[in-house]
Amino acid sequence: MGSGPGSSAACIFCDIAEHRASAHIVYEDASTVAFLDLFPYTRGHLLVIPKRHGARITELPFDDQIALVRTLDEICRRVERLTSDYHVSLNAGAKAGQVVFHVHLHVIPRYTEENPFLGPGRNRLRDDDARELLRELSAG
Ligand code: 5GP
Ligand code: ZN
């Protein structure tokens, strides 16, 4: 159940933002969190979310939108330790592929020109891979 300000009941990303559900968190501040996607398209696939619940970007107060982009910048800088190339994407609405209805930006590293979105199903993130990525993506 969501309980914090602006949180929503039965939202997995509210649960992660409020530390009721576990996630491999690489960055957190007063209004945003960034963590590893549980079913990454590529190594280091991250999600950047506002702590405040909103299904889509246009439901968020402007301050939260700004905070989200500030955190996106921080995360992109860290991803550039892994590779120079990556996608930043946002799915808004079911027809656009949105599955979790709490705003999130995907940051998806690219290591080769092989299309990661067309291949076989994604594998669940392994704990040992996650720990290594957290070291590589940590602050500093
Ligand atoms: P969407 O399709 O809504 O843009 O993407 C949702 C993303 O959230 C997917 O890439 C999916 O793998 C990821 N995801 C769904 N549930 C969880 C979860 O409980 N933990 C984490 N870390 N990622 C999740
Ligand atoms: Zn939520």
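Quick one: which of Ala30, Ala55, Ala67, Ala92 is touching a Ser or Thr at 6+ places or on another chain (Cβ under 6 Å) and either open to solvent by less than 40 Å² (accessible area, probe 1.4 Å) or over 16 Å from Ser138 (Cα atoms) (or both)? Testing whether each residue is touching a Ser or Thr at 6+ places or on another chain (Cβ under 6 Å) and either open to solvent by less than 40 Å² (accessible area, probe 1.4 Å) or over 16 Å from Ser138 (Cα atoms) (or both) leaves just Ala67. Among the residues making up segment 11-26, those that are in contact (Cβ under 8 Å) with a residue 12 or more places away in the chain and in contact with a helix residue (DSSP H, G or I) (Cβ under 6 Å, 6 or more places away or on another chain) are Ala23, His24, Val26. Screening Phe39 against (1) closer than 18 Å to Glu113 by Cα; (2) open to solvent by 50 Å² or more (accessible area, probe 1.4 Å) leaves a single unmet condition, (1). Could you tell me whether Asp73 is more than 16 Å from ligand 2 (Cβ to nearest atom) and in contact with a Ser or Thr (Cβ under 9 Å, 6 or more places away or on another chain)? So Asp73 fails the test. If only residues of segment 85-132 that are in a loop (DSSP other than H, G, I, E, B), in contact with a Lys or Arg (Cβ under 9 Å, 6 or more places away or on another chain) and farther than 30 Å from Pro61 by Cα are counted, the one that is nearest to ligand 1 (Cβ to nearest atom) is Pro116. Being open to solvent by less than 50 Å² (accessible area, probe 1.4 Å), within 13 Å of ligand 2 (Cβ to nearest atom) and under 14 Å from the mean Cα position of the chain (by Cα) is a description that applies to Ile49. Taking the criterion of being at pLDDT 95 or above and within 10 Å of ligand 2 (Cβ to nearest atom), the residues of segment 1-32 that qualify are Cys11, Ile12, Phe13, Cys14, Asp15, Ile16, Ala17, Glu18. Screening the candidates Phe101, Phe62 for the property of being within 25 Å of Asp29 (Cα to Cα), under 15 Å from the mean Cα position of the chain (by Cα), aromatic (Phe, Trp, Tyr) and open to solvent by 70 Å² or more (accessible area, probe 1.4 Å) yields one hit, Phe101.
The values are calculated or read from the model by the stated rules, or taken from the named source; none is laboratory data. Source: prediction; values computed, not measured. Glycine also receives a Cβ, built like all others from the backbone with ideal geometry; neighbour counts cover every protein chain displayed. Heavy atoms of the whole protein, side chains included, go into the accessibility calculation; ligands, DNA and RNA do not. Shrake-Rupley method; radii C 1.70, N 1.55, O 1.52, S 1.80 Å.
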